[in-house]
Structures are given as C-alpha cells and as structure tokens.
Amino acid sequence: MAHVALYRVKATFWKALIWITLGIVLFISIVFSFFSLPSIPSGLSNKIPATVWTYQEIVESELQTYNLESYTDLVLALITVESGGVGGDIMQASESLGLPPNTIADPLYSIEVGVSYFASLMQEMTEKNVDIETVLQSYNFGTAYISHVAENGGTHTLALAKAYSRDVVAPSLGNTTGATYAYPHPLAKEHGSYLYQDGGNFYYADLVMSFLTAAEEAGAFAYPVADLVMTSAYGMRIDPVTGGLSPHNGVDFAPRNGGTPPIYAVQSGTVTEARYDFSYGYYVRLNHGGGVETLYAHLSELGVSVGETVTTGDPIGVMGTTGKSTGVHLHFEVWLEGVRVDPTPYLNQSEGMVNL
C-alpha cells in the first residue's frame, strides 16, 4: 500500500508540473502576442565592417537580456554608423547617461549602456505604436522624437526628421538661426547635402538601415588581395608614421606569409590614375561608373596604365611599401561621389577576412 501511495503522489506531482509548465508557456505566448515587435531585414550581416562584427556575440548576449536578440544585426549596423567599431564608446552611449560625448572608454561598457538605452526606446516604440525607423532616429535625436512621431502619424519620414532637427534639436543646443553645414554623403545628395548645426543627423535612420538593405548600389566587390588579413580598419587611429591621432580613410591589408603579392581590381572599371604620390606611393585609381571609384596605394609596381579597362579580378599592380608607409601592405579606399567611405561594407565578410 505504501508503494501505491508513493506512486500516486509522484503521479500527482508530475501532472501538476506539466500543467504549471503549460501555463507558463501559454502566458509567455499571450504576452508576446500583445507586445510583438516589427521584423527587420536579416541575414545581411556581411555588410557590417569587420571592426564591428567582432562584437557580435557580446551585442547578442546583451540584447538577450531584453529578449531583443533578433535585433543583433540592427544594433551592429547602428554601431557601424556611430563609430565603425573604433574607440572606447563604440555605441556613443555616454550622452544617454547624461555624460559628455566619448566619456565611456570601455567598448564593452558602451555596449551595455547602449543596448539598455536601445531597449528602452524599443519599449516606448511598442507603447506608442511607432515604427523601427523612429527608434533608430531617436537614438540620435533623443527619446522625445518617439512622442513627436506618434503625434504626427506614427511613421518616421525624412521630412519629419528634418523639421524636428531644425525646429527642436538645433534650437535646444543654441542654433536658433537655422544655420547649416555641408554634409557630402550620397544619401544627402538629392536633398541639398547639408545638416543643421547642432541638430543631430536627420539621415541617421536611413544610414543605419542602409547596412540592412538587399545590396549596395555599387554592387558587391571582390577582394583586392588573396590573403584576407586586414591590419588597419577605416576610422580614427594612431598614425604609424607620426604617432598622432588621425583619420584612416581606407583599410589596410598585409600579406600573412610575407612577400609582395599581386593586387586585383575589385570590380570592372577604367584606370583613371596610375602614378606616384608622396603619400600614396605608387597607386592606381579605378572608376567603376555611377560615382563609384576605388584606390590601391603603396604598390611596388604598377600593372596598368591610364585609360585601360579592367575586369573584376584582373591584376593591376604588386603590393609594396612605397610612399608614406612603414611596411609592405595595401591601402584600399572606396570613393562615392568624390567622398571617401568605409570600404568594408562592400566586401563579403563571409569569405573569411581576418581583422588584426
């Protein structure tokens, strides 16, 4: 009889546990049905620079704290716009704590604070029924922009952001005259190529989402080298020659196994420059059409001449250390409409590039 009683107790316990578990699952399902979040483009993280991609696991882990891990690529895109993954405050999160810009010096702490702020914006997005682009723009403008959008149709638009930058953000920081400054980014070309002084960036949401679109307008690039070792990313860095802090307007590749390997055209185009320069050393510039150009510097030998046409993968020179250089490497640049931009979004990260 004791065995029968024990069996009944065990059976009752497991039944209760099963019902409790089902109840919890049902409760979670109901909660998420009420607070479902909008979808965003996914599977496109190959457009995120290598300097940012190194933080992917940390970003995802922080987002899991808020059940927002599906937004990992979006936050990586945000980091790309904020810093390119370079520096201490890679999410530019200091101001969300009421601190001066770049006060945070630890990238991991920047992610912790930045993701927390992003999560608070996502919560308010759900409460006020606005779109994800509003959240992104609020990361640049501040939380009040969410309420502003909610009161003006619930959908972020460039026109709405532009007016908010001019009428709210800029005056709050002292620009009461509508003063502007040049902003030569391709996204701004059709809208006057300017921003309001102290008015944030009203293209911010578009900038972030551009890293999640189906493809770059210029098309995907092949690699300019066979050995995919990137030794210096795009952005601010300590100049290896002067020792001072300066912008690095391209990315550097070095040969893992030494030597002076060949350099290849990343896309079909026409050679517009092939000469020596004090800074670049021997270099080649290719025009790919549509306002897109690429530049290959510090070559030891030039393999093409001005006016020649090349196709993707054609050899155009040999890696070297000419010009302002401290060792054998390739300095590679991408130009859009005459402006140098980060080359890494154009390179397929899934092919195994190593960032040293």
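Just a few scattered comments:
- Residues located in segment 257-275, provided they are in contact with a Lys or Arg (Cβ under 7 Å, 6 or more places away or on another chain) and either open to solvent by 50 Å² or more (accessible area, probe 1.4 Å) or of a type in the set (Lys, Arg) (or both): 272
- Hits in segment 120-158 (condition: surrounded by 15 or more Cβ atoms within 10 Å (Cβ to Cβ) and among the aliphatic types (A, V, I, L, M)): 121, 122, 125, 130, 132, 135, 136, 146, 149, 150, 158
- For residue 203: the one exception among (1) hydroxyl-bearing (Ser, Thr, Tyr); (2) without any contact (Cβ under 8 Å) to a residue 12 or more places away in the chain; (3) open to solvent by less than 50 Å² (accessible area, probe 1.4 Å): (2)
- Any hit, segment 179-201, residues being under 17 Å from residue 82 (Cα atoms), hydrophobic (A, V, I, L, M, F, W, C) and part of a helix (DSSP H, G or I): yes
- Qualifying positions in segment 70-94 - modelled with pLDDT under 90 and farther than 19 Å from residue 207 by Cα: 70, 87
- In this structure, residue 266 does satisfy being in a loop (DSSP other than H, G, I, E, B), within 20 Å of residue 228 (Cα to Cα) and among the hydrophobic types (A, V, I, L, M, F, W, C).
- Here residue 117 does not qualify as within 30 Å of residue 248 (Cα to Cα), crowded, with 22+ Cβ neighbours inside 10 Å and of a type in the set (Ser, Thr, Tyr).
- Check on residue 164, without any contact (Cβ under 8 Å) to a residue 40 or more places away in the chain and under 20 Å from the mean Cα position of the chain (by Cα): no
The values are calculated or read from the model by the stated rules, or taken from the named source; none is laboratory data. Keep in mind that this is a model prediction, so the values were computed, not measured. Virtual Cβ from ideal backbone geometry, glycine too; neighbours counted across all protein chains shown. Heads up: the accessible areas ignore ligands, DNA and RNA and are worked out on the full protein's heavy atoms, side chains in. Shrake-Rupley method; radii C 1.70, N 1.55, O 1.52, S 1.80 Å.
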